[in-house]
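Before any comments, here is the structure.
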Amino acid sequence: MISITPKLKERLVNGLKNHIPRMMEAEALETNASDILKRAYKALVEIFGFKKQDIVEETSAKKNLYVLKIMVNEKIQIYIECKDAGTDLNEIEFQNTIPTGTKWCILTNGSHFKIHKMIKAKPLNIELVHEFDIQNIYYKQNKQLLVLYYLCTEAFPKK
């Protein structure tokens, strides 16, 4: 069973306390996907503990595609697609952009998050494992923090 260390819990709780107001502001201002990407980037560093060099940013304004890729051991472990604040999250278009070999995929509009696990099959298949609205996270409960653990740098052993 996974247990969250006091140091990790402190980082998650402090990061969420700082990040939740930023994402709520983005929703209220109907922020575009480009700004959501910047906020998500900060969250990956502050909350989830990734180093800046582990995060690859990919944008295409023409395709309205704003993506963050988390690299661990030179492989994409987490693929995050950012949408405009308030936009419905559609897995169908999302599924067509995921690189082969990715373990986790997240679709977000800044306040709502859908976390998918990749299933190695042909054709590529994704399974929704958790979804949440950031304003409903009660970070004082370890059960809710455990969901976030799987997206932290600690969940991806380095070689």
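Tabulated data for the structure shown
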item	result
Pick from segment 44-83, criterion within 15 Å of the chain's Cα centre (by Cα) and assigned to a helix (DSSP H, G or I), ranking: surrounded by the most Cβ atoms within 10 Å (Cβ to Cβ)	Leu44
Residue tally, condition modelled with pLDDT of 80 or more and part of a loop (DSSP other than H, G, I, E, B), over segment 102-122	5
Odd one out for Gly86 among (1) surrounded by fewer than 17 Cβ atoms within 10 Å (Cβ to Cβ); (2) in contact (Cβ under 8 Å) with a residue 40 or more places away in the chain; (3) assigned to a strand (DSSP E or B)	(3)
Per-region count, segment 33-43, residues buried (at least 18 other Cβ atoms within 10 Å of the Cβ) and more than 13 Å from the chain's Cα centre (by Cα)	1
Cβ pairs under 7 Å, 6+ apart, first in segment 55-83 and without any contact (Cβ under 8 Å) to a residue 60 or more places away in the chain, second among the basic types (Lys, Arg) and in a strand (DSSP E or B)	Val56/Lys69; Glu58/Lys69; Ile76/Lys69; Tyr79/Lys69
Output for segment 123-148, where each listed residue is modelled with pLDDT of 80 or more and among the hydroxyl-bearing types (Ser, Thr, Tyr)	none
Matching residues in segment 1-38 - criterion: being more than 19 Å from Tyr150 (Cα to Cα) and not in a helix (DSSP H, G or I)	Leu29, Glu30, Thr31, Asn32
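The values are calculated or read from the model by the stated rules, or taken from the named source; none is laboratory data. Note that the structure is a prediction, hence the values are computed from the model and not measured. Cβ sites come from the backbone with ideal geometry, for glycine too, and all protein chains shown count toward neighbours.
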